[in-house]
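Engineer: Just passing along the structure, written as structure tokens.
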Amino acid sequence: MTSTAVPLTVLFDRDCGFCNWTVRQLRSLDRYGQLRYVPLQSAGTQTDRPELAEVCARHPLTDAVHVVSADGTVRSRGRAMLAILDVLPGGWLLRPWAKIPGVGSVADALYDRIAMRRGSLGRLVDADRGGSACVIDPDAATAL
């Protein structure tokens, strides 16, 4: 599965060890280059994607991962992770399950539980790179 257009832009926190580790894992899985990775800290200055500035203005980017489709659709939290998995090799296996009512909410809840611990997880998985930890408001993660 190859494509000339990148279907998803992943906005991630470059100051978060867990986020950086996750991006490294995704890059290793993304054999066909279906994902573009943009640190949220510079998303508003992407001259080739001016719509990202609007996404930055409308969404609390530091609270969760966000993906932006080529058509401008924005997904956050667990639903963003489902969208990411969908474009990776083998993602078609997940597609029917992701359409079951309630799966998005379950994915969001699972994402929130992990996000509340991403500082600690970042120190564990990114220790060889300085173990940078991000600051996240646990209440904000569940309010999205």
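Rule-based calculations on the coordinates, nothing more; no lab input. These numbers come from a predicted model, not from an experiment. We place every Cβ from the backbone using ideal geometry, glycine too, and count neighbours over all the protein chains shown.
Engineer: Would you please list the contacts, defined by Cβ atoms under 7 Å and residues six or more apart or on different chains, that run from a residue in the range 73-102 that is in contact (Cβ under 8 Å) with a residue 40 or more places away in the chain to a residue that is part of a loop (DSSP other than H, G, I, E, B) and basic (Lys, Arg)?
Structural biologist: Going by the 7 Å Cβ cut-off, the qualifying pairs are 89/31.
Engineer: Check off (1) in contact (Cβ under 8 Å) with a residue 12 or more places away in the chain; (2) surrounded by fewer than 18 Cβ atoms within 10 Å (Cβ to Cβ) for residue 28 and give me the number that stays unchecked.
Structural biologist: Going through the list (1) in contact (Cβ under 8 Å) with a residue 12 or more places away in the chain; (2) surrounded by fewer than 18 Cβ atoms within 10 Å (Cβ to Cβ), residue 28 breaks only (1).
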